[in-house]
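Q: The structure under discussion is supplied below as structure tokens; questions concerning it will follow.
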Amino acid sequence: MTDAATDGLAAAPGKKKRSSLLELDARTKRRNAAEARFKAYGIIAITAGLCFLVGLVWAILSNGLPAFQQAVVKLDYTMTQEQFDEAEAAVLKTAVYTDQFVAYFSDRVREQGIEAEFDADTIERLLGKVGGTIRAFYRENPDHIGQPVAFELSAASRVDRYLKGTFDRGDVSGEGNRFFVPSDFDLVDTLQEAGFIAQVFNWNFITGVDSGVDNAGGAGIGASVLGSFLMMIVVLLLALPIGVAASIYLEEFAPKNWFTDFIEVNISNLAAVPSIVFGILGLAVFIQFAGMPQSAPLVGGLVLTLMTLPTIIISTRASLKSVPPSIRDAALGVGASKMQAVFHHVLPLAAPGILTGTIIGLAQALGETAPLLLIGMVGFIARYPDSFLGGFEGPNSAMPAQIYNWASRSDVVFTEKAWGGIIILLIFLVSMNLIAILLRRRFERRW
């Protein structure tokens with residue numbers, strides 16, 4: 001009877017048939033379809049982001065790697081004592097050095113069976129002002145007079161571009177100009193086949209300094225790298241202790257009232273202030289009011305310290321908050337003071353996050369350009385200091401300012417140097433992030 005009643009109820013008219021758990025109803029199908037669409041949107045977004053990243057990396061490498069190669073003229077050159085004395089006794093010394101080199105180079109080329117005519121103008125188009133380079137070398141190394149010296153003289157920027165494929169015969173029309181003439185193409189090809197001209201790794205780009213707007217091939221970023229390094233030392237020595245101390249006080253010791261709330265709100269607001277505002281502040285306070293030297297890494301480090309402090313304070317407070325309250329309670333329960341609980345237990349546990357936030361803040365400061373331009377740290381003043389401590393007060397530049405300065409020039413070779421500088425800057429940034437990851441993992445394993 002029960003079965004009959006049940007069957008009767010199930011078959012009764014006007015009753016909605018119950019759905020089975022083993023079958024998908026319309027609502028479940030719509031929900032699953034929405035979930036599938038959301039997953040597809042996520043995959044498309046990730047794929048698009050990876051494509052943009054690959055395109056960016058390809059653009060940087062394809063445009064910047066040529067900056068690490070340079071065309072040079074290889075030649076074993078011997079200068080006699082008589083030639084040196086004759087050149088130094090002349091009024092136009094570099095002109096005499098150039099004439100001597102032209103004669104020597106012409107003889108070496110003819111020995112290779114190459115029939116070519118060289119004069120001072122041709123050498124200047126191919127190698128620039130080579131007389132000054134040779135004179136500077138022998139004045140600094142007089143013991144090399146009378147001995148064969150293996151010179152690697154940097155080729156002119158147009159010769160370098162021609163060998164890299166970014167400058168061709170179509171770029172020179174008519175009879176050319178004082179920088180390049182059509183016959184120079186054949187001359188460069190002949191010298192390259194004979195082994196006089198070759199492409200070598202451009203160490204000067206990594207270790208050199210900016211050479212001015214007239215010598216794009218000789219420009220280097222080495223002094224600017226040193227300037228950035230000195231600024232990062234200033235930022236690290238000031239921002240880390242000040243930021244950590246402020247974070248510990250606000251998070252662990254400061255009373256919760258309107259004043260601390262006001263400070264916390266302003267710290268969060270400072271983290272969102274444009275960097276150029278900090279540059280204006282540094283110009284007004286450190287240079288105009290305090291009278292500190294313009295273009296000095298010390299001033300640049302102080303400006304970047306002000307900009308980095310909010311980031312370090314916010315990340316340090318987040319790390320301190322992540323430590324469980326039971327750690328503090330346990331330390332206080334066994335008789336530790338508030339300071340002992342913080343410095344002996346809470347702070348070591350928060351160290352990985354503090355170090356990570358600090359290094360990320362330094363990496364952010366390393367790539368800033370606008371505040372440095374406002375205090376005068378432009379690319380063309382980058383120089384190596386006479387001493388390490390003197391480098392903090394002497395005029396210098398930074399990698400971002402040097403890259404900006406090169407990118408603003410019209411010569412294509414400077415644009416190539418700017419791309420190469422971006423590669424070096426990215427290497428520094430990636431290295432700093434890797435250090436942050438390694439330090440975090442090390443401290444996490446320890447605790």
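Q: Could you please find all residues in the stretch 182-197 being under 13 Å from residue 123 (Cβ atoms) and in a loop (DSSP other than H, G, I, E, B)?
A: 196
Q: Based on this model, can you work out whether residue 247 counts as outside the structural domain of residue 349 (by TED's automatic domain parsing) and either polar (S, T, N, Q) or part of a loop (DSSP other than H, G, I, E, B) (or both)?
A: No, not satisfied.
Q: What are the residue pairs meeting all of these: first residue in the stretch 110-124, first residue closer than 18 Å to residue 192 by Cβ and of a type in the set (Phe, Trp, Tyr), second residue surrounded by 14 or more Cβ atoms within 10 Å (Cβ to Cβ) and modelled with pLDDT of 75 or more, Cβ atoms under 7 Å, and 6 or more apart or on different chains?
A: Note: pairs meeting the criteria are 118/102; 118/105; 118/106.
Q: Going by the structure shown, is residue 206 surrounded by fewer than 20 Cβ atoms within 10 Å (Cβ to Cβ) and closer than 19 Å to residue 356 by Cβ?
A: No; evaluated as a whole, the condition is false for this residue.
Q: So residue 118 fits all but one of (1) within 26 Å of residue 63 (Cα to Cα); (2) in a loop (DSSP other than H, G, I, E, B); what number is the exception?
A: In the conditions (1) within 26 Å of residue 63 (Cα to Cα); (2) in a loop (DSSP other than H, G, I, E, B), residue 118 misses (1) alone.
Q: Given the conditions (1) within 30 Å of residue 216 (Cβ to Cβ); (2) among the basic types (Lys, Arg); (3) assigned to a helix (DSSP H, G or I), report the number of the one that residue 110 does not fulfil.
A: For residue 110, the exception is condition (1).
Q: Further question on the same structure: Given the criteria within 14 Å of the chain's Cα centre (by Cα), in the same structural domain as residue 431 (by TED's automatic domain parsing) and modelled with pLDDT of 85 or more, does residue 370 qualify?
A: no
Q: A further question follows. Scan 170, 174, 165 and give me the residue that is surrounded by fewer than 12 Cβ atoms within 10 Å (Cβ to Cβ), at pLDDT 80 or above and not assigned by TED's automatic domain parsing to the domain that holds residue 425. Walk me through how you get there before you give the answer.
A: On the way: 170 fails: at pLDDT 80 or above; 174 fails: at pLDDT 80 or above.
Step by step, each of 170, 174, 165 is checked, and only 165 is surrounded by fewer than 12 Cβ atoms within 10 Å (Cβ to Cβ), at pLDDT 80 or above and not assigned by TED's automatic domain parsing to the domain that holds residue 425.
Q: Moving to a separate point now. Out of everything in the stretch 253-278 that is touching a residue at least 60 places away in the same chain (Cβ under 8 Å) and surrounded by fewer than 18 Cβ atoms within 10 Å (Cβ to Cβ), what residue ends up being nearest to residue 301 (Cα to Cα)?
A: Here the residue is 276.
The values are calculated or read from the model by the stated rules, or taken from the named source; none is laboratory data. Only a predicted model underlies this, so the values are computations on that prediction, with no experimental measurement involved. Reconstructed Cβ throughout: ideal geometry from the backbone, glycine too, with neighbour counts over all protein chains shown.
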